[in-house]
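A.B. asks: Just dropping this structure here.
Please treat every number below as a calculation from the coordinates, not as lab data. Please read these numbers as outputs of a predicted model, since none were measured by experiment. All Cβ positions, even for glycine, are placed from backbone atoms using ideal geometry, and neighbour counts span all protein chains on display.
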Amino acid sequence: MARYELHPDRFFDPDPVVRKHAREIYECTRSLPIVSPHGHVDPKIFAGNNPFPNPAELFITPDHYLFRMLYSQGISLEALGIPRIDGGETGSDPKKIWRIFAENYYLFNGTPTGVWLDYEFNVVFGIKEKPDGGNASKIYDELQEKISSSEFLPRTLFKRFDIEALSTTDTAIDTLPHHQSIRESGWDGRIIPCFRPDTVTDIATKNWTGNIARLGELTGKPVDSYAGYIAALEKRRAFFRRMGATSTDHGVFAPFTHELTEKEVDSLFRKALRGNAAPEDARFFNAHMLMEMARMSTNDGMVMQIHPGCCRSHNMPLFEKSGPDKGHDIPVLTEYTLNMRELLNRYGNDPRLTLIVFTLDESTYSRELAPLAGHYPAMKLGPAWWFNDSIQGITRYRQSVTETAGFYNTVGFNDDTRAFVSIPARHDVARRVDANYLGGLVARHIITRDEALVIAKDLTYNLVKRAYKL
Amino acid sequence: MARYELHPDRFFDPDPVVRKHAREIYECTRSLPIVSPHGHVDPKIFAGNNPFPNPAELFITPDHYLFRMLYSQGISLEALGIPRIDGGETGSDPKKIWRIFAENYYLFNGTPTGVWLDYEFNVVFGIKEKPDGGNASKIYDELQEKISSSEFLPRTLFKRFDIEALSTTDTAIDTLPHHQSIRESGWDGRIIPCFRPDTVTDIATKNWTGNIARLGELTGKPVDSYAGYIAALEKRRAFFRRMGATSTDHGVFAPFTHELTEKEVDSLFRKALRGNAAPEDARFFNAHMLMEMARMSTNDGMVMQIHPGCCRSHNMPLFEKSGPDKGHDIPVLTEYTLNMRELLNRYGNDPRLTLIVFTLDESTYSRELAPLAGHYPAMKLGPAWWFNDSIQGITRYRQSVTETAGFYNTVGFNDDTRAFVSIPARHDVARRVDANYLGGLVARHIITRDEALVIAKDLTYNLVKRAYKL
Amino acid sequence: MARYELHPDRFFDPDPVVRKHAREIYECTRSLPIVSPHGHVDPKIFAGNNPFPNPAELFITPDHYLFRMLYSQGISLEALGIPRIDGGETGSDPKKIWRIFAENYYLFNGTPTGVWLDYEFNVVFGIKEKPDGGNASKIYDELQEKISSSEFLPRTLFKRFDIEALSTTDTAIDTLPHHQSIRESGWDGRIIPCFRPDTVTDIATKNWTGNIARLGELTGKPVDSYAGYIAALEKRRAFFRRMGATSTDHGVFAPFTHELTEKEVDSLFRKALRGNAAPEDARFFNAHMLMEMARMSTNDGMVMQIHPGCCRSHNMPLFEKSGPDKGHDIPVLTEYTLNMRELLNRYGNDPRLTLIVFTLDESTYSRELAPLAGHYPAMKLGPAWWFNDSIQGITRYRQSVTETAGFYNTVGFNDDTRAFVSIPARHDVARRVDANYLGGLVARHIITRDEALVIAKDLTYNLVKRAYKL
């Protein structure tokens, strides 16, 4: 395999005028610290600070962005060492797993996973080849050697990546032992939790009653009424805030919001506790709980995030075999204008609330989300999310959102990753794509060069800190 | 603040070949007269022809495109002098209002409002700086001086802008006194009304029965049956035609069309008169009235416009405080193919009808609207509307529509503005973006330079005159 | 009219770097054989191998892409010689028809029909002018002379176009006499049928019971139960396979999939046979039949195609006059994630199935289809279809699909045409647009030049052969 170097102008428009501007703008932001206000890195790796075990467990096993592509081409998750929850066998030889990955690396051509991996190999690990069948063993050994050295320990990388703050995502009934232990260790890396209460607010969750029982244990009082439930949630939010959290997160199928009467919601809650809730009940309970969460955020100042519009674990046979987050969460058409009206009418004019809304449905950018964020003071628009966190995806986001919502109703970048070493790669892509977008505006004389430089720094650093209160 | 001049090649692709073609094409259209067949300028300003009172009332107070952005960043409408309907106080010092606007001018970077304002200051008023906190007073005084002079009277600007025809938008129960007075004044500016009967055709309108009573007064006979109602509407249409109107306009939530039986509709009408109509009744009555309006247009030749897909006054608390058109009308997903089938089946093959359809839902451009306009002889596609009337928005419109509907099923540009001095700015943007789109086609050898020049003039001038019968 | 030559770099980005790469990539694919796995060319023309009768019947009458545009501008289908089914008269002078077409040729500026026609005239027929009113007769005569010569016989053109395989689309009750006769003639052109059972699987089809009776005749046994019906369909599939078919095709309004119980479906089938089925019954029967077709494809290896989301024959008055496929099939919003879940859960993990899914709703590319194809091993994404088979449409397809599904979950190009001589024109456009897309990725350093060359050949030739088993 030929030597492969990242091009310094990668992802920029080839037009020399745009490229010149993009380069200059990117130079202003490339070295700014990383602020990562939303993601799914396991805090355990920083608590233990142990070496990553092997290249397969570092790159492949935790990253459903990656293994779903291999699965789509007929490679079984077992062959890739993805653990099974039904007790079945999975591959355990990391070298074999790595070889499959390397032989199929060409599948990632033209995808964000491909460009992130290219960056990780090149910049993070100094490997100047793209993996393939021929160099699989060599690269594996090189990576193994590096991750065994102290230079590649998680905390060392955290500092090398210049991460100013990193938020994890944690269930409402998580006791945050790793966050606790990081704090107690005296290490100064800022790793904070985010309060994600879906497993206790969505009554359709598997084992919801078990989660409610646990919620009662953690808050010192059995939760047997709606009032008790609300009190318990408020206690957990306070605990998360004490542990450094500045935000909450809500993953819902639809962003439907609607306040039930006290009587309705209490009776619905008790019905759910008895295991009798119907799907339509869950829909209304979720709608009500978004209202409650907005109310609490307005009061306690936690930034509220909503990530709606995904049919989680679409492939039920695979889910039963391998569990959630296995690359088959599939977006659905999402409606915001009518669904969020009640919440926005009630809390959207309140300056105490920051509500950050995301989408997987790009048709809503110009139709619903930019007009909403371009009006309601409380609402901001989250960055291009998940499948749309990509070169074209971020470009389309800026193209569809900016003209209606401007730059200042957006909140910078989220890497949203489970793959720790992909963090600098993802931020680099976002910074480059934003620089290129701004460079295009300068080249077309829509904004000036000086305006672009200010905006670039805001998009990269200032807006995220302000929006997430970091 | 540094001197700021508009770049002669602004909004054109930086590629030198595209830019060369775009420039040449734009040169053919830049000086063509403005035809403005749809908008919301207040005819009163031409009737009185008084000086605009001050920069705040000229630029800020009437323009919800502008103040919604400030509101989204936490600036209250009161601070911006937007009148309240609930009797509350609002700011009244235009200098203070202007200062807030100037300090926040950077929020419009990258938005169409920003480029329109840049044009208005530069080209209309000769002000070669962008407003900011530092120059706010100076620019205010400069503007105040200019608008007090005879050169900046409304009628003088109308001629200077080279407006060949300007249509306002007027309710069916408007007596058009300002249009009347303009005609009587002997001034030759062509300002015509457009018949927009929503407040009498939508039975869910606030005070609908009052509007119907007024309709009866204006047509000389109490409206107490559906037949009487139709007769009254036909009379009003005839009055509007006598006053120069060539078009009607219909703002509906969904473009659902369906003809009720005479018996059904008469009974529904009487139910509504008694104040007993349900939301579903309103849906069907609107659907029926679109059929009726198409029938009348087929007979009387008035061009029929449909502007659907907006949740008006989304922010109810703000609506109750400040009234409609305050920057919180939010688009919704819109369906045309099935909703408009009945109307198109009945009237869409009739050469006497011109039906111009708009959308705020860009996902319908390639999916529904271009295929419909590319088939039905009566149907034409309105230009990129409202949030999509922007550099990227018009570009996406041409990119999504042209390949299926061609250029000749579109109808030129609508400025659709309430802000009179933004008219030349908006037409200039549209002409530049169309020139750039055509230049790109020439550069990619899809059409020839000669074809582009013909199409450009058609898009700018001939199609709008033909479609709107001006 | 001025001489008109196709530009060698047409459709490529004007940027010199992108253009250089695009040109080099296109040079690798331009001469590859054409594989046409899905289309609507009439096999009769190859069975008879008679000269095309005249330019109007070659270019205009069979091509609804073309005459719908003329119709949209007020030209009647009768004037264009489109046959009527209600017995009314239609124009029969091909010279007159041709003149109307030539005079209105400018309507196709900027459309794919326009660029295909330019190619057909220039490359296939060596005519170096664009048709217009002035040259209409001259071009007509030139074309007439050519199509009367042996060089332009259908089989000769098939070889000249270098078509390796061409699939037609045939109903389940077609006896395939032309395919039969082509085979018996000893000619080696590979023309194969595709099994499209809509007229027997959609119980809402006009004359469905007649079709079922015919199905019984062809399979030797009256079809009077659901079990008998399934057996008959399996027999017809086997017949099509013997005649060379490798694929099936299913045109449904919505891609809803759902398995009924044996009892439910049998009772529904009998109800339909008695003519008593309701619209909701048809919806469920279609959903069930997609499950059955997936089951059969999993067993017999026929590639399954789904083409959903079209309101066929939208213009009912025109349909009653002129029949189906007359340019007024209009797309509708289409939902895949929830609708296809049952089918994908049941068969989508099975390596024996290849399921190729299409859309007319571009908002589903990034939201639903790319995530689904980027996960399920059985599912592949069909190319940009119908209205979206265009320069911008294919570009948007690659831009929206690639980052999530990669290149290798797509299946190359389909020309999907009824207009035989448009085949090389359409493949040329697709090859150019793909080359340009890949050239853009190289220019932005997202993939390397060498990677682009490999991918280009796969997109043009290898993927289609593999996916369609050709």
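A.B. asks: For A:S76, go 7 angstrom from Cα along the Cα-to-Cβ vector, then report the distances to that same point in the other copies in nm, smallest first.
C.D. replies: 6.7, 6.7
A.B. asks: While we're on this one: Shape verdict for region C:51-152, please, from the Cα gyration tensor: rounded (a/c under 1.5), prolate (a/b greater than b/c) or oblate. Please report the intermediate quantities before stating the final value.
C.D. replies: On the way: a/c = 1.77, a/b = 1.25, b/c = 1.42.
Note, shape of region C:51-152 comes out oblate.
A.B. asks: With charges set only on the Cβ (+1 for Lys and Arg, -1 for Asp and Glu), what does the dipole of the protein assembly as shown come to about its Cα centre, in debye to the nearest 20?
C.D. replies: Dipole of the protein assembly as shown, to the nearest 20 debye: 360 debye.
A.B. asks: Specify the inter-centroid distance of region B:154-202 and region B:257-302, based on alpha-carbon positions, in whole Å.
C.D. replies: 28 Å
A.B. asks: Related question: Between region A:309-343 and region C:360-428, how many Å separate their Cα centres?
C.D. replies: 24 Å
A.B. asks: Further question: With n ≥ 4 as the cut-off for DSSP H runs, can you work out [θ] at 222 nm for the protein assembly as shown, using -39500 (n - 2.57) per run divided by the number of residues, rounded to the nearest 500?
C.D. replies: Values: 60 runs with 625 residues, N = 1410.
Result for the protein assembly as shown, helices only: -13000 deg cm²/dmol.
A.B. asks: What does the C-alpha gyration tensor say about the overall shape of region B:254-377? Classify as rounded when a/c is under 1.5, otherwise prolate if a/b is larger than b/c, or oblate.
C.D. replies: Details: a/c = 2.05, a/b = 1.15, b/c = 1.78.
Here region B:254-377 falls in the oblate category.
A.B. asks: Does the protein assembly as shown come out rounded, prolate or oblate by the C-alpha gyration tensor, with a ≥ b ≥ c the root eigenvalues, rounded set by a/c under 1.5 and, if not, prolate when a/b is larger than b/c and oblate if not?
C.D. replies: Taking the square roots of the gyration eigenvalues as a ≥ b ≥ c, the protein assembly as shown is rounded.
A.B. asks: Which percentage, to the nearest 5, of the DSSP beta bridges contained in chain B is antiparallel? The partial results should precede the final answer.
C.D. replies: On the way: 2 of 23 bridges.
Here the share of antiparallel DSSP bridges comes out near 10 percent.
A.B. asks: May I pose another question? For label points placed 7 Å from Cα toward Cβ, what is the shortest-first list of nm distances from A:T209 to its copies?
C.D. replies: 5.3, 5.3
A.B. asks: What ranking, highest mean first, results for peptides A:385-396, A:21-32 when packing means the other Cβ atoms within 10 Å averaged over each residue?
C.D. replies: Those peptides, ordered most packed to least, come out A:385-396, A:21-32.
A.B. asks: Can I ask one more? List every DSSP H helix in chain A whose Cα atoms extend 15 Å or more along the helix's own long axis and whose mean Kyte-Doolittle hydropathy is at least -0.5.
C.D. replies: A:208-219, A:226-242, A:423-443
A.B. asks: Quick check: net charge around B:S366, other residues with Cβ under 11 Å of its Cβ, Lys/Arg +1 and Asp/Glu -1?
C.D. replies: Charge balance in the 11 Å sphere: -2.
A.B. asks: Cα-Cα over 27 Å: which of A:K146/C:K457; C:K130/C:K380; B:K44/B:K321; B:K326/B:K457; C:K159/C:K321?
C.D. replies: A:K146/C:K457; C:K130/C:K380; B:K326/B:K457; C:K159/C:K321
A.B. asks: Now, a different point. Give the long-range amide H neighbours of B:C311: residues separated by 5 or more places, or on another chain, with amide H under 5 Å away, using H modelled in the peptide plane at 1.01 Å from N.
C.D. replies: Amide H neighbours of B:C311, under 5 Å, 5+ apart: B:I330, B:V332.
A.B. asks: 7 Å from Cα along Cα→Cβ at both B:E27 and A:T156: what's the point-to-point distance in nm?
C.D. replies: 6.4 nm
A.B. asks: Enumerate the amide H contacts of B:G251 below 5 Å, restricted to partners 5 or more residues apart or on another chain; note that Pro and chain-start residues carry no placed amide H.
C.D. replies: Sorted by chain and number, the residues that satisfy this are B:D198, B:H307.
A.B. asks: If I take every Cα pair under 8 Å that is 6 or more residues apart in region B:51-151, average their sequence separation and divide by the length, what percent do I get for the relative contact order?
C.D. replies: 32 percent
A.B. asks: One decimal, nm, shortest first: give the distances between the label point of C:P177 and those of the same position in the other copies, each label point 7 Å from Cα along Cα→Cβ.
C.D. replies: C:P177 label point versus its equivalents elsewhere: 7.9, 7.9 nm.
A.B. asks: Separation of region A:1-66 and region A:206-225 by C-alpha centroid, Å?
C.D. replies: Spelled out, the Cα-based centre of one part sits 40 Å from the other.
A.B. asks: Which of the lysines could be linked to A:K221 by a straight reach, that is with a Cα gap under 25 Å, when you skip same-chain ones fewer than 8 residues away?
C.D. replies: Once the sequence-local lysines are set aside, what remains near A:K221 is A:K206, A:K235, A:K263, A:K271.
A.B. asks: Turning to a different aspect of this structure: Once R0 is set to 25 Å, what does the formula 1/(1 + (r/R0)^6) return for the Cβ-Cβ distance between B:D42 and B:R84, expressed as a FRET efficiency to the nearest 0.05?
C.D. replies: Values: r = 19 Å, r/R0 = 0.78.
Efficiency for this residue pair is about 0.80.
A.B. asks: What's the average, rounded to a whole number, of partner chain beta-carbon atoms within 10 Å of each residue's beta-carbon in A:4-11? Before the final figure, lay out each step's value.
C.D. replies: On the way: counts 1, 1, 1, 4, 1, 3, 3, 3.
Taking the mean over all residues of the peptide, I get 2.
A.B. asks: Taking K and R as +1 and D and E as -1, what net charge do the other residues with C-beta under 14 Å from the C-beta of A:Q180 add up to?
C.D. replies: 0
A.B. asks: What does the average come to when, for each residue of peptide A:336-348, you count the partner chain Cβ atoms lying within 10 Å of its Cβ? Don't skip to the end; give the middle numbers.
C.D. replies: Numbers: counts 3, 8, 5, 0, 2, 5, 1, 0, 6, 7, 2, 0, 5.
Taking all residues of A:336-348 together, the mean is 3.
A.B. asks: Quantify how strongly other chains surround peptide A:396-407 by giving the mean number of their Cβ atoms within 10 Å of each of its Cβ atoms.
C.D. replies: Counting Cβ atoms of other protein chains within 10 Å of each residue's Cβ and averaging gives 6.
A.B. asks: Let me check I've understood the local charge: for B:I356, count other residues with C-beta under 10 angstrom from its C-beta, Lys and Arg +1, Asp and Glu -1. What total comes out?
C.D. replies: Counting the neighbours of B:I356, the net charge comes to 0.
A.B. asks: Using the per-residue mean of other Cβ atoms lying within 10 Å as a proxy for protection, in what order, highest first, do the peptides B:291-301, A:66-76, B:184-194 fall? It would help to have the intermediate numbers written out before the result.
C.D. replies: Details: B:291-301: 18.8, A:66-76: 20.4, B:184-194: 16.4.
In decreasing order of mean packing, B:291-301, A:66-76, B:184-194 become A:66-76, B:291-301, B:184-194.
A.B. asks: Okay, next question. Report the charge-dipole magnitude of region C:64-162 in Debye, nearest 20, computed about the Cα centre from +1 at each Lys and Arg Cβ and -1 at each Asp and Glu Cβ.
C.D. replies: Using only the charged Cβ atoms, the result is roughly 180 debye.
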